[in-house]
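The values are calculated or read from the model by the stated rules, or taken from the named source; none is laboratory data. If you're wondering where the values come from, they're calculated on a predicted model, not measured in any experiment. Counting neighbours? That spans all protein chains shown, and the Cβs are built from the backbone with ideal geometry, glycine included.
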Amino acid sequence: MAFLRNAWYPAAWDIEVADDALFQRTLLNQSILFFRDDQRVPQAISNRCPHRFAPLHMGKRVEGGVQCPYHGLQFNGQGKCVHNPHGDGAIPKAAAVRSYPVVERYSMLWIWMGDAARADAALIPDFSCMDPEHFHVGKRYLHAQANYVLETDNIMDLSHIEFLHPGTLGSSSVSDAATSVEQQGCTVVSRRQTTAERMPDYLYEAMGFPYGQLVDRWIDVRWDAPASMLLDAGAVATGGSRDQGKSFPLPHLFAPETDTTTHYWFSFCLPKAMGDIGAQIAQQQVDGLAVPFTNEDLPMLEAQQKMMGDATFWSLKPVLLPGDAAGIRARRVLDQLIEAERAANAPAA
Ligand code: FES
Ligand SMILES: [Fe+2]
């Protein structure tokens, strides 16, 4: 499968890469080692030692970098071998591994898997709702045995919540909701609006509305390539305007581990101005959301992937429904970006 290379991929929560620890994660079929350097700045290098291909993450963090567990070569965050404990200590020219640009922003580490010269941090989509300076960020990570674009479909087409999550997130009003799709440059925005909805009890509790009150509910999703989504989920007593209601930002970030497996991060964020209780509530909320995501979405995504086997999405000629408009638009943008990259790298005829 072709992946987009020149893009920022979410790679880890900030807390997943602890000081003095070595953290391995496979992204786009490549095993990457993450660690914090002596100044605590995150670094990412290929995890495969160029000597006998030992996984560097089984080694240890040493001053100036990482020591291979097998014969002790040491590499810094730029992937350069900086110490050879053998013979006269000369460092062979080929003793280097690839390094990847990494930026720590919005409570996450972001990695650039393509041409390092093009890695402009300004291209990271805005997730300032996860800025740890101003927000308590409840964080969760899930691993899915399913292709990452199926995961994107799942979020861009929320018509499924009525059927897959009837007891928690959905209701029978969802299929009557007004929907629209908008594209701004390479960003796709999907909007869904219900009217006079009787929500499931879980949502009255989670959103702080009186049980049974009829509401107008919206779920808007902003998508940026490759698979970074920001949901704005809110509701207001029926007939009110959005600014009289309550809404919550819900980031959903995906990155392909392999062709058929996905890393999945999601969060719930509350302003730090709420005080310490906000941190507790943000974590409770994200833990609450993890229940339907884990028990209802993941088994469905994984079952879909099994049914698809190795076939590509379009080769199976999927039937399209109105709710698919946003997911299909996102797929088209992603496919175009990948194709443009392929064309730019193709050798001249
Ligand atoms: S395999 Fe890493 S030093 Fe030998
Ligand atoms: Fe879902």
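The rows are residues; the columns are (1) within 16 Å of ligand 2 (Cβ to nearest atom); (2) of a type in the set (A, V, I, L, M, F, W, C); (3) touching a helix residue (DSSP H, G or I) at 6+ places or on another chain (Cβ under 6 Å).
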site: G309; (1), (2), (3): no, no, no
site: L316; (1), (2), (3): no, yes, no
site: L320; (1), (2), (3): no, yes, no
site: D324; (1), (2), (3): yes, no, no
site: V333; (1), (2), (3): no, yes, no
site: A340; (1), (2), (3): no, yes, no
site: N345; (1), (2), (3): no, no, no
(message) Here's a check for you: in region 187-228, which residue that is touching a residue at least 60 places away in the same chain (Cβ under 8 Å) and either part of a helix (DSSP H, G or I) or of a type in the set (F, W, Y) (or both) is farthest from Y9 (Cα to Cα)?
(response) Y202
(request) Out of D115, D120, report the one residue that is outside the structural domain of Q284 (by TED's automatic domain parsing), touching a residue at least 12 places away in the same chain (Cβ under 8 Å) and surrounded by fewer than 21 Cβ atoms within 10 Å (Cβ to Cβ). (result) D115
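To keep it simple, each residue is scored yes or no on (1) of a type outside the set (S, T, N, Q); (2) in the same structural domain as V333 (by TED's automatic domain parsing); (3) within 15 Å of ligand 2 (Cβ to nearest atom); (4) surrounded by fewer than 18 Cβ atoms within 10 Å (Cβ to Cβ).
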site	(1), (2), (3), (4)
H165	yes, yes, yes, no
A178	yes, yes, no, yes
T194	no, yes, no, no
R198	yes, yes, no, yes
(request) Output the residues belonging to region 150-182 that are part of a loop (DSSP other than H, G, I, E, B) and among the polar types (S, T, N, Q). (result) T168, S171, S172, S173
(request) Would you confirm whether any residue within region 71-79 is without any contact (Cβ under 8 Å) to a residue 24 or more places away in the chain, touching a Lys or Arg at 6+ places or on another chain (Cβ under 8 Å), surrounded by fewer than 16 Cβ atoms within 10 Å (Cβ to Cβ) and in a loop (DSSP other than H, G, I, E, B)? (result) yes
(request) For F248, indicate whether it is over 18 Å from E151 (Cβ atoms), outside the structural domain of L28 (by TED's automatic domain parsing) and in a strand (DSSP E or B). (result) yes
(message) I need a count of the residues in region 55-70 that are more than 12 Å from ligand 1 (Cβ to nearest atom) and either in a loop (DSSP other than H, G, I, E, B) or not assigned by TED's automatic domain parsing to the domain that holds P42 (or both).
(response) 2
(request) Confirm whether T187 is surrounded by fewer than 18 Cβ atoms within 10 Å (Cβ to Cβ), more than 16 Å from ligand 2 (Cβ to nearest atom) and under 18 Å from the mean Cα position of the chain (by Cα). (result) yes
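Hey, among V97, V103, V149, which residue is within 16 Å of ligand 2 (Cβ to nearest atom) and either of a type in the set (D, E) or in contact with a Pro (Cβ under 9 Å, 6 or more places away or on another chain) (or both)? Reasoning before the result, please.
Values: V97 fails: within 16 Å of ligand 2 (Cβ to nearest atom); V103 fails: within 16 Å of ligand 2 (Cβ to nearest atom).
Being within 16 Å of ligand 2 (Cβ to nearest atom) and either of a type in the set (D, E) or in contact with a Pro (Cβ under 9 Å, 6 or more places away or on another chain) (or both) holds for just one of V97, V103, V149, which is V149.
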(request) Sort out which residues of region 102-134 are more than 17 Å from the chain's Cα centre (by Cα) and either part of a helix (DSSP H, G or I) or under 24 Å from F3 (Cα atoms) (or both), and write them in order of number. (result) G114, D115, A116, A117, R118, A119, D120, A122
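Which one is nearest to ligand 1 (Cβ to nearest atom), of the residues in region 82-100 that are closer than 17 Å to L22 by Cα and surrounded by 18 or more Cβ atoms within 10 Å (Cβ to Cβ)?
From region 82-100, those closer than 17 Å to L22 by Cα are 97-100; that's our starting set.
Okay, now just the ones that are also surrounded by 18 or more Cβ atoms within 10 Å (Cβ to Cβ), so 97, 99-100.
Values: V97: 10, S99: 16, Y100: 19 Å.
If we take residues in region 82-100 being closer than 17 Å to L22 by Cα and surrounded by 18 or more Cβ atoms within 10 Å (Cβ to Cβ), then V97 is nearest to ligand 1 (Cβ to nearest atom).
Here is a list: V333, V319. Which entry is away from ligand 1 (no atom under 16 Å from the Cβ), modelled with pLDDT of 95 or more, within 29 Å of G170 (Cα to Cα) and touching a Cys at 6+ places or on another chain (Cβ under 6 Å)?
Details: V319 fails: touching a Cys at 6+ places or on another chain (Cβ under 6 Å).
Going through V333, V319 in turn, the sole match is V333.
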